[in-house]
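In what follows, a single structure is set out as structure tokens and then discussed.
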Amino acid sequence: MAGDDIRAACAPGGQDSYRLIYNGSYTEQVRSYEVVSDGPGGDGTGGGYYIARVMRGSGLDLTRLSLKDPQAAANWRVSRSRLTPDGMSALRAAMADSGAFSNGSIGLRLASAQFFWTSAVCRDGQFNFNAWLFPSDHYAQLRFPEVLLARDQTGVPVNPPRKVVALKAARPATREGDV
């Protein structure tokens, strides 16, 4: 989710690469979108490749094990398509409007039971990570999910966000009486 692989490969003159993840309460649904430009730079003149993955629920379903689709047993549905130059431009514009090309979520704590989007982005040789937690004003600014979901051919409906009470993360006490 953090995009360490994208960060490591991100260099000036390289391909733009985007990983956008929707956590629809982890045990219920996770959606991952990988988009890679056809060529170097994010000038919007080229197209790209789009892979949508959706995991429904957690755990392994061995009845779905197949050599043809090894991710099926993990409850992943996958769809792939090409993005035209107009499609890439529309996605870039929606990501820019959403703030995906900045590091706007520093200090935000996310829990797997919550609903949120994350982005790990290499654009024009610059790496950025951002997150949008539901409900928040930051989440309300999101524009890229509409573009991604319009191309999603996995056949799995989105688990709509709802407010959940996040459990306090387990951590060792730092002082006597600290909880």
Task: Boolean, Trp132 is under 21 Å from Glu28 (Cα atoms), open to solvent by less than 20 Å² (accessible area, probe 1.4 Å) and touching a His at 6+ places or on another chain (Cβ under 7 Å) - done: yes
Open item on the list: Among (1) touching a residue at least 40 places away in the same chain (Cβ under 8 Å); (2) over 25 Å from Ser17 (Cβ atoms), there is one condition Ala140 misses while meeting the rest; what is its number?
Closed with: (1)
Open item on the list: Going through Leu20, Leu91 one at a time, which residue ends up being over 15 Å from Thr154 (Cα atoms), modelled with pLDDT of 95 or more and assigned to a helix (DSSP H, G or I)?
Closed with: Leu91
- [ ] Could you tell me which numbered condition Leu108 fails, if it satisfies all but one of (1) within 24 Å of Ala9 (Cα to Cα); (2) in contact with a helix residue (DSSP H, G or I) (Cβ under 9 Å, 6 or more places away or on another chain)?
- [x] (1)
Task: the range 23-52, residues that are modelled with pLDDT under 90 and at positive phi - done: Gly41, Gly44
Task: In the range 65-88, residue modelled with the lowest pLDDT [restricted to those that are open to solvent by less than 70 Å² (accessible area, probe 1.4 Å), within 19 Å of Pro157 (Cβ to Cβ) and of a type outside the set (Gly, Ala, Ser)] - done: Asn75
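The values are calculated or read from the model by the stated rules, or taken from the named source; none is laboratory data. Values in this document were obtained by computation on a predicted structure and should not be read as measured data. Every residue, glycine as well, gets a Cβ built from its backbone with ideal geometry; the counts of neighbours run over all protein chains shown. The area values use the complete protein model at the heavy-atom level, side chains included, leaving out ligands, DNA and RNA. Shrake-Rupley method; radii C 1.70, N 1.55, O 1.52, S 1.80 Å.
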